[in-house]
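The values are calculated or read from the model by the stated rules, or taken from the named source; none is laboratory data. Owing to the predicted nature of the structure, the values given are computational and were not obtained by experimental measurement. So basically every Cβ, Gly included, is an ideal-geometry build from the backbone, and we count neighbours across all protein chains shown. Heavy atoms of the whole protein, side chains included, go into the accessibility calculation; ligands, DNA and RNA do not. Shrake-Rupley method; radii C 1.70, N 1.55, O 1.52, S 1.80 Å.
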Amino acid sequence: MSKTIGPLMRDIKTKICTDLGMMDIIEDDNGMELLVDGNIISLDLSVDSVYKHIWNPNHGDTPMIVICRLQGLDGEATRSEERRVGKECRSRW
């Protein structure tokens, strides 16, 4: 876990928005999606859990790549949304 960003995926989104000067999207949970290994990730999940349960099984101990996507820019989401990880993992879409 990054000690400078915060424990949640929401903190990663906030960092991206701040760095890019996209302040209007910070409070809008639907304005930007975060994708990890082809899955839309819920902003309420911890970075540690996403790394352990979604990234690590396919990529090992490499740094996790997080892709940000502005919703609606490329059409509707076609990927599953991970709302929980581990034993309780289920998809929203």
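A compact table of results
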quantity: Count of residues meeting criterion [among the small types (Gly, Ala, Ser), under 20 Å from residue 72 (Cβ atoms) and open to solvent by 30 Å² or more (accessible area, probe 1.4 Å)] in the range 1-40; calculated: 2
quantity: Among (1) more than 14 Å from residue 83 (Cα to Cα); (2) out of contact with any Cys (no Cβ under 6 Å at 6 or more places or on another chain) - the single one residue 16 does not satisfy; calculated: (2)
